[in-house]
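Following: one structure in structure tokens, then a few remarks.
The values are calculated or read from the model by the stated rules, or taken from the named source; none is laboratory data. These numbers were taken from a predicted model, which means no experiment stands behind them. Don't worry about glycine lacking a Cβ; one is built from the backbone with ideal geometry, like all the others, and counts go over all protein chains shown.
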Amino acid sequence: MPAILLPVLLPVPLDRPLDYRSETPIPAGSLVRVPIGARETVGVVWDGPATGGIAPARLKPILGRIEAPALPEPLRRFLEAAARETLTPLGAMLRLVLAVPAALEPPPAPLAYRIAEGGRAARTALERRVLEALAEAGTLPAAELARRARTSRPALARLVETGLIEVVSAEPPPEPTPDPDRAGPILSADQAVAARALVAQVERGEGVALLEGVPGSGKTEVYFEAIAAALRRGKRVLVLLPEIALTAQWLERFTRRFGVEPQLWHSGLTAAQRRKGWRRIAEGRAPVVVGARSALFLPLAELGLVVVDEEHDPSFKQDEGVTYHARDLACLRARLEACPVVLVSATPSLETATAAGAVPGGPSARPGWTHLLLPDRWGGAVMPKVELVDLRRERPPRGSFLSPPVREALGATLEAGEQALLFLNRRGFAPLTLCRACGHRLRCPSCTAWLTAHRLRRRLLCHHCGWSAPEPEHCPACGSVGTLVASGPGVERIAEEARALFPTARIAVVTSDTVGTARAAADLVTSVLAGELDLLVGTQMLAKGHHFPKLTLVAVVDADLGLAGGDPRAAERSFQLLHQVAGRAGRAERPGRVLLQTHDPGHPVMVASARGDRAAFLRAELAEREAAGLPPFGRLAAIVVSGADADEVRELARALARAAPVTEGVRILGPAPAPLALLRGRWRERLLVQARPTVDLPAYLRDWLAGRRVPSRIALEVDVDPVSFL
Ligand code: ADP
Ligand code: ZN
Ligand code: ZN
């Protein structure tokens, strides 16, 4: 029989599948073992004919098939489209799917026993008990038989050898599935309208909906109805959440509504949980998967709904390795699966709001997009009152950071037995340490970044590369002793100030340093809810996801912090963050109060925050973006060239710029040193490509960069639609 040629995609950075030889036809999507070089790897039989060009006799053979379900067709098409959009080799996309190699091993078959065929009679009391138990039940799982016969599993294994009983593989126990028909809450009129619209989309199997509503307006309850609708149709559901919003509270609510826990997927799972979870998903035994951005690449089949909660969250963008935006790819995957997407947010990104026609006075919705708005908080609670504190007039006392109005408000809140939050999006004690004698500033040895002082750990830390060292006793520049001083505030320093002001208050610092694990975060939430803490000092760890009914005051220590730097989305992000933090205050019956300390009370972000006038802010922001040709009125791509030799990097970046094809509607900015000009010891030059919406930017970039060789000591990273501008 002549050998069959099959294209097999391997999880390595190659653009296309390689040809292999097979004795038998194997359907596309099947997982197979193949040789590559001297190694063996798992690949996926790809669609279409083999490439050809190499004599079949010289091709290597497919070694065998993996006992796992084939990758579904829509997932294969998704990987191709995502590779094209993100300029990633197709094989590197596949690697994201096959990220759990252990899951590809056949799972150990669960053991069960039955009476051996033509078996012998019992000779001992133990053997009699074993036979009696099996005569009654037919087959029994090993553990159960050991229990009923009052013996151990090794003892049972010996009985197999003596021919009394034999091994059969046990049926896996049936898994409980989410029940879409358990009663949810009775929806308000607005909620019901939104839920009906989503259910209709699930039934049609298409569309992108923006579900917008202030925190507490019931967005989660509403999209739970859409999940129920998908489950009723026998479809699967993928819910993406930012890692830090994957809270116990969310899981509890899901479980309350649907009766069982969803399949979880995030970086905190153990290796065994990942293996079992992946397998469960691939075998179609997980109807609902909720996970962080990497869940996008799970081998789910028969998707009926994708939800992206907190769609505006920048952490959906993966910046390292394969760069992709999970929200955008979620929309792409849903389109190829013929299923609808719900993007959920209290503060939708300008891109999403524009596409959904959700900016009052802005462009109308793109075809296929709808905007669903939940205007009120459920139960009628009001948004907290936001007040600006002008730091130029209301100066904090020397060497401190909390202004008189904030101190007063804190005092009153604690006096009333309520809780307060001091928000500052900066870990550690101080962002800078400098020498009072010579002015020297302590810098990371391998980055263009100041070292952050962490008093709790008694170390200096680089927040970019993780480098750390104990605080030196003398200045490394002039040698003076005792002259190094911390400059500027971090949360630890704010907590210190608060402790001095309110010595009896129970204060907790909440950052990834202090509540980095899911367990620690859950403990913190419990103590806040139990009223065991009075004052939280925290970073954006705290900005979302939690309901703290007794928290009635939020003070933002430095509302201007997010506005610096060359990021075109800085204003939008600041507004979102401030809005979200504000949403922590007064969610129950108690009205909340929010104070924003700022040096620039006239800034559009501050004015809009104080007035609560999001529409006006968005309109103004949109007009500016349009004038500048920035997203959503144009696309950007960042190309970063990096290496250890600054001159070589600069030369290469310049050569790259010179080689850029000249095309109508594309502008190349740079090269210029990236804002983080040195990172982990590598010099970085950046080019920004700005394209009109009519330009196919990925195609342009491919054209330009295809076949361009750089020495292996130089890295060339392409980030289409960048979110970070460092
Ligand atoms: P969001 O997702 O917009 O922040 P949630 O869905 O979390 O809002 O709702 C906020 C709170 O109000 C939750 O505790 C939720 O259970 C409750 N809630 C919302 N809508 C209703 C409703 N129609 N009936 C009862 N409780 C509701
Ligand atoms: Zn000095
Ligand atoms: Zn560093």
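Here are some notes:
- Subset of the stretch 20-38 [more than 9 Å from Lys60 (Cβ to Cβ), touching a Leu at 6+ places or on another chain (Cβ under 6 Å) and in a strand (DSSP E or B)]: Ser22, Arg33
A quick yes/no check of all residues on (1) near ligand 2 (Cβ under 10 Å from one of its atoms); (2) farther than 30 Å from Leu536 by Cβ; (3) of a type in the set (S, T, N, Q):
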{"residue": "Arg426", "(1), (2), (3)": "no, no, no"}
{"residue": "Ala430", "(1), (2), (3)": "no, no, no"}
{"residue": "Pro445", "(1), (2), (3)": "no, yes, no"}
{"residue": "Arg457", "(1), (2), (3)": "no, no, no"}
{"residue": "Cys462", "(1), (2), (3)": "no, no, no"}
{"residue": "Ala477", "(1), (2), (3)": "yes, yes, no"}
{"residue": "Leu484", "(1), (2), (3)": "yes, no, no"}
{"residue": "Gly490", "(1), (2), (3)": "no, no, no"}
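- Selection status of Leu373, of a type in the set (A, V, I, L, M) and surrounded by 24 or more Cβ atoms within 10 Å (Cβ to Cβ): no
- Residue check for Glu311: crowded, with 24+ Cβ neighbours inside 10 Å, closer than 21 Å to Thr247 by Cα and not basic (Lys, Arg): yes
- Ala715 within 16 Å of ligand 3 (Cβ to nearest atom), of a type in the set (Gly, Ala, Ser), touching a strand residue (DSSP E or B) at 6+ places or on another chain (Cβ under 9 Å) and touching a residue at least 60 places away in the same chain (Cβ under 8 Å): no
- Positions within the stretch 232-249 being under 20 Å from Gly304 (Cβ atoms) and either touching a Lys or Arg at 6+ places or on another chain (Cβ under 7 Å) or touching a residue at least 60 places away in the same chain (Cβ under 8 Å) (or both), in sequence order: Arg233, Gly234, Lys235, Arg236, Val237, Leu238, Val239, Leu240, Leu241
- The stretch 446-471, residues that are away from ligand 3 (no atom under 14 Å from the Cβ) and exposed (fewer than 13 other Cβ atoms within 10 Å of the Cβ): Arg458, Pro470
- Residue count for the stretch 123-136, restricted to those that are modelled with pLDDT of 90 or more and assigned to a loop (DSSP other than H, G, I, E, B): 1
- With respect to (1) farther than 19 Å from Pro176 by Cα; (2) of a type outside the set (Val, Ile, Thr); (3) at pLDDT 95 or above, the lone exception for Pro242 is condition (3).
- Residue within the stretch 137-148 that is assigned to a loop (DSSP other than H, G, I, E, B) and either among the aliphatic types (A, V, I, L, M) or exposed (fewer than 13 other Cβ atoms within 10 Å of the Cβ) (or both) present: yes
- Of all residue pairs spaced 6 or more apart or on separate chains, those with beta-carbon atoms under 7 Å, a first member in the stretch 182-205 that is under 11 Å from Tyr223 (Cβ atoms) and away from ligand 1 (no atom under 14 Å from the Cβ) and a second member that is among the hydrophobic types (A, V, I, L, M, F, W, C) and in a helix (DSSP H, G or I) are Val199/Ala226; Val199/Ala229; Val202/Ala226; Val202/Ala229; Val202/Ala230.
- Look at the stretch 301-314: where a residue is without any contact (Cβ under 8 Å) to a residue 24 or more places away in the chain and more than 14 Å from Leu332 (Cα to Cα), no partner that is among the basic types (Lys, Arg) and part of a loop (DSSP other than H, G, I, E, B) sits 6+ places away or on another chain with Cβ atoms under 6 Å.
- Hits in the stretch 555-611 (condition: part of a strand (DSSP E or B) and in contact with a Pro (Cβ under 7 Å, 6 or more places away or on another chain)): Arg593, Val594, Leu595
- Matching residues in the stretch 417-445 - criterion: being surrounded by fewer than 22 Cβ atoms within 10 Å (Cβ to Cβ) and on the phi > 0 side of the Ramachandran plot: Gly417, Gly439
- Within the stretch 610-630, the set of residues being among the hydrophobic types (A, V, I, L, M, F, W, C) and under 16 Å from Ser364 (Cα atoms) comprises Ala615, Leu618, Leu622, Ala623.
- Residue check, Leu422 in the same structural domain as Val509 (by TED's automatic domain parsing), more than 14 Å from ligand 3 (Cβ to nearest atom) and touching a residue at least 40 places away in the same chain (Cβ under 8 Å): yes
- The residue of the stretch 472-499 that is farthest from ligand 1 (Cβ to nearest atom), among those that are surrounded by 16 or more Cβ atoms within 10 Å (Cβ to Cβ) and of a type in the set (A, V, I, L, M), is Leu484.
- Test result for Gly665, free of Cβ contacts under 8 Å to residues at least 40 places away in the same chain and not hydroxyl-bearing (Ser, Thr, Tyr): yes
- Pairing each residue of the stretch 427-453 that is within 14 Å of Pro470 (Cα to Cα) and not assigned by TED's automatic domain parsing to the domain that holds Ala677 with any residue that is near ligand 2 (Cβ under 10 Å from one of its atoms) and part of a strand (DSSP E or B), provided the two are 6+ apart or on different chains, yields C-beta distances under 6 Å for Thr433/Leu484.
- The residues in the stretch 165-222 that are closer than 30 Å to Ala146 by Cβ and surrounded by 22 or more Cβ atoms within 10 Å (Cβ to Cβ) can be counted, and the count is 1.
- Screening Ala505, Ala522 for residues that are assigned to a helix (DSSP H, G or I), touching a helix residue (DSSP H, G or I) at 6+ places or on another chain (Cβ under 9 Å), away from ligand 1 (no atom under 16 Å from the Cβ) and not assigned by TED's automatic domain parsing to the domain that holds Thr247 leaves exactly one candidate, Ala522.
- Counting the residues of the stretch 308-338 that are under 13 Å from the mean Cα position of the chain (by Cα) and among the aliphatic types (A, V, I, L, M) gives 4.
- The residue of the stretch 584-604 that is modelled with the lowest pLDDT, among those that are under 15 Å from Glu387 (Cβ atoms) and under 29 Å from the mean Cα position of the chain (by Cα), is Gly586.
- Residue check for Ser400: on the phi < 0 side of the Ramachandran plot, over 28 Å from the mean Cα position of the chain (by Cα), more than 16 Å from ligand 1 (Cβ to nearest atom) and in a loop (DSSP other than H, G, I, E, B): yes
- Identification of strands (runs of 3 or more DSSP E) wholly contained in the stretch 635-726 with 1 or more residues that are surrounded by fewer than 17 Cβ atoms within 10 Å (Cβ to Cβ) and of a type in the set (Lys, Arg) yields 666-679.
- Wholly enclosed strands (runs of 3 or more DSSP E) of the stretch 205-300 bearing at least 1 residues farther than 29 Å from Arg95 by Cα: 208-213
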